[in-house]
1. Counting only residues that are part of a helix (DSSP H, G or I) and within 16 Å of ligand 1 (Cβ to nearest atom), which one in the stretch 660-684 is farthest from His766 (Cα to Cα)?
2. Please identify the pairs in which a residue from the stretch 352-363 that is within 14 Å of Met317 (Cα to Cα) has its Cβ atom under 6 Å from the Cβ atom of a residue that is β-branched (Val, Ile, Thr), counting only partners at least 6 apart or on another chain.
3. Which of (1) more than 24 Å from the chain's Cα centre (by Cα); (2) at pLDDT below 85 is the odd one out, the single condition Ser247 does not satisfy?
4. Would you pick out the residues in the stretch 808-823 that are within 16 Å of ligand 1 (Cβ to nearest atom) and closer than 20 Å to Val758 by Cα?
5. Checking Val816 against (1) at pLDDT 95 or above; (2) within 14 Å of ligand 2 (Cβ to nearest atom); (3) not in a helix (DSSP H, G or I), which test does it fail?
6. Let me confirm something: among Ser97, Ser89, which residue is among the hydroxyl-bearing types (Ser, Thr, Tyr) and outside any loop (DSSP other than H, G, I, E, B)?
7. Among the residues of the stretch 778-795, write down those that are small (Gly, Ala, Ser) and at pLDDT 90 or above.
Amino acid sequence: MQSVVPFHSGHAGLKQLLGGKGANLAEMTNAGLPVPPGFTITTDVCRSYYEAGKQLPAGLMEQVHQAMRELEQAKGQGFGDPAKPLLVSVRSGSVTSMPGMMDTILNLGLNDETVQGLASLTGNPRFAFDCYRRLIQMFGNVVFDIETYQFERLLHRLKQRLAVSLDSEVSAEGWTELIGEYKTVIRKEAGREFPQQVEEQLALAIEAVFRSWNNARAQVYRKVHQIPDEQGTAVNIQTMVFGNMGSDCGTGVVFTRNPSTGEPVLYGEYLMNAQGEDVVAGVRTPVPIAKLGEEMPLVFDQLVRTAEKLERHYTDMQDIEFTVEQGKLYLLQTRNGKRTAQAAVKIAVDLVREGVIDTGEAVNRIEPFHLDQLLHRAIDTDKPLHVLAAGLPASPGAASGVAVFDADTAEAWARAGRKVILVRSETTPEDIHGVLAAEGVLTSRGGMTSHAAVVARGMGKPCVCGCEALRLTDRAFAVTTADGEAVTVREGDALSIDGATGRVILGEVSLREPELTGELEQLLDWADEIRTLEVYTNADTPEDAAKARSFGAEGIGLCRTEHMFMSAERVPVVQAMILAETAEERAEALAKLLPMQQEDFEGIFRAMDGLPVTIRLLDPPLHEFLPNMEQLVVERERLNGQPDADPDRKERLEKLLRKVRTLHEMNPMLGTRGCRLGLVLPDIYEMQIEAVFRAVLSCLREQLDVRPDIMIPLVGHANELKRMRELVTRKADEVLGEFARTFRYRVGTMIEVPRAAVTAGDIAQHADFFSFGTNDLTQMTFGYSRDDAEGKFLTHYVETKLLPDNPFQVLDRDGVGTLIEWAVERGRAVKPKLKTGICGEHGGDKQSIFFCHGAGLDYVSCSPYRVPLARIAAAQAQL
Ligand code: PEP
Ligand code: MG
């Protein structure tokens, strides 16, 4: 097995084997770009390492040594040679990019002897000892698991002693002193000396990088981004070039386009006289790339040209790491750049317009879940904002919450239902669970390419970083505003950030929901040309319907009519209807509800003029509209304790309590709900049907094109639907009168009980359409309560990989999916034109949409904000 592949032997097509970084370094090397020579240890080795119980495979180190000999020859240096020491970096490189999640060691090959060699060779002892102390720190952290602060604290003290603030002001003697202290830390914490044998350094470093594949933050990142654990990482070993050798050296990161907005300009940051980690770790705040044009015009020109070349080569925006060593440019990495959703859309559309890619490719490049981010919130208020400071606008969107100052608290408070803003001096990848839990992230240090920014952008979280005006202490920050006001924000205080402008604002602010941009509309139009699956929406109000239509919904797939019963002024009428003791009382309450429902339907029909509107008749058990039993019992105790309490009130309470007791069911989700309610209490359904068709008549009078589909919930037996259909037809005929002969409407059913799916052939006899209610269908197929499972065993199931996903989020293809396929096939065998769709939560999930496309459904229906996502995913399913 070839475990080691030199850069000059690889290419971009070998990404699975070489990881993204290794494959790209090989591709760049072969394109003649200035890449320091190196080689890649393949991802196969990582898998073997884990399979063998964390043992490097036999023979690997021989291949590594052979490759090192080649590097020595290429550079005219020797690994461990005190006269001309060869130094290398050892970096991770997974197949799917996971920025900052795994480990890197730079300057490997330095020891007490070679450092002297490097000092005399470069004539720069300050530089040589700086490299050495960095190696010991990184090595200590990555190989021996010693916390970084143990080293940082000593560095901080040294700088205090020397009365300097920048690393570059520390002398060679200063570094030598620090090296002594660092070695003591290693001895104390690792129980051994820092290895002086360079071959041992190399073997330990390779193993540590493989180990870092399974560190906690990498595991969290993989879970969030659905990267398989089996993928493994490659290890790249590359000869060092130095950005910290003097004032004609530097290092930086550039994106070929702005990763936040997509603007086609070179974008990025650099630091003079620094090593790569200084930029990405966010320890020093770097300088915008345009300044390099002033400081080193020739290098800048070469960088601009190289960036253009790379972008054309990869036909996508690139994220490039470079180093300048004594005025010469080197490329250390290129990869497709992470970007905000806004940038992703703009870049995809621009690349089509520039003739680089076609429209299908542009649609394919959009991560559907990113559209959630694109439709991000913005601050919406006329009131003056209490702006505390401004940082870098690192990831767009505005967020409000309470300030928390560490990731664990962020996670705990968010779990308890609080919205939090995570405030850190800089985030390290260990904070990823806090970032995930927070509404937004604020840091006082670090640039736009720091970990905080990259990770937040990837997750679509608002982020402001490098806000240096904040003076952070343990659980608070102090800041002096532009007006000179001194403010302290403590843990739990309300705080807002605006990731689009970088503003940090005291208190909560109201947020405006987003709208579509021109580029997104263009992309969605392209998606519409491609897809065959239609996209409907779940909407219960005229406002939601209009919003969804503006996002491109082609109909309403589910209007949950019970939501129309839930407003404060309607609940008492609904309760009166439920509590009625005589038919007259009941009819009276229903008569009050009828015009209310009619008005809602008219509003929805107007908003959806010309498009189908699927109206589902009442579904939940009636007790959901009544107070719960415990509350009532407590209230009764209270009233009984008051001798002068109003007797009428007491009587009403008793009546309510009796009714609640009668309606009580042990398993209400399996009880009197859906069509069962319609069959035993037909007058409620009759009222609803009457309201629908009265609304139809009034809209027809307004010359609107009304297309109602009446949907019966929770059908499990064909006879249920047969009777319900008769009810709908009778009532519709009654209301429509002479229009009944010409006006077309459909009657269909939800398929959300497994028996309905299994007997779909019988049910189709009475149905014009099937809508798969996959929330209930998942609940009843698995036998998992949709209301309880998630906080309980289901989380455990997903975490321990017993199940690949939460089946209430991602449709279970094998079980629920098979029922759907079966039902579609049986239904269409009876009625070839039977319309089929899905209206459970899965209608807005990419993987589930792919399934629906494959199963031949006509449409998916999802919440209004997911409509753009569904349009893109439906097109991708077609491609
Ligand atoms: C379903 O069960 O999937 C559905 C859409 O209905 P509800 O969520 O209202 O039960
Ligand atoms: Mg349901």
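1. Among those that are part of a helix (DSSP H, G or I) and within 16 Å of ligand 1 (Cβ to nearest atom), it is Pro668.
2. Val352/Thr359; Val356/Thr315; Ile357/Thr315; Ala362/Val352
3. Ser247 satisfies all of (1) more than 24 Å from the chain's Cα centre (by Cα); (2) at pLDDT below 85 except (2).
4. Leu811, Asp812, Gly815, Val816, Gly817, Leu819, Ile820, Ala823
5. (3)
6. Step by step, each of Ser97, Ser89 is checked, and only Ser89 is among the hydroxyl-bearing types (Ser, Thr, Tyr) and outside any loop (DSSP other than H, G, I, E, B).
7. Gly783
So that you can scan it fast, the table gives a plain yes or no per residue for (1) closer than 21 Å to Asn667 by Cα; (2) polar (S, T, N, Q); (3) more than 43 Å from the chain's Cα centre (by Cα):
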position	(1), (2), (3)
Phe565	no, no, no
Met577	no, no, yes
Thr582	no, yes, yes
Ala589	no, no, yes
Phe601	no, no, no
Arg606	no, no, no
Arg616	no, no, no
Phe625	yes, no, no
Val634	no, no, yes
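The values are calculated or read from the model by the stated rules, or taken from the named source; none is laboratory data. None of these values were measured; they are calculated from a predicted model. Note that we place each Cβ from the backbone using ideal geometry, even for glycine, and neighbour counts take in every protein chain shown.
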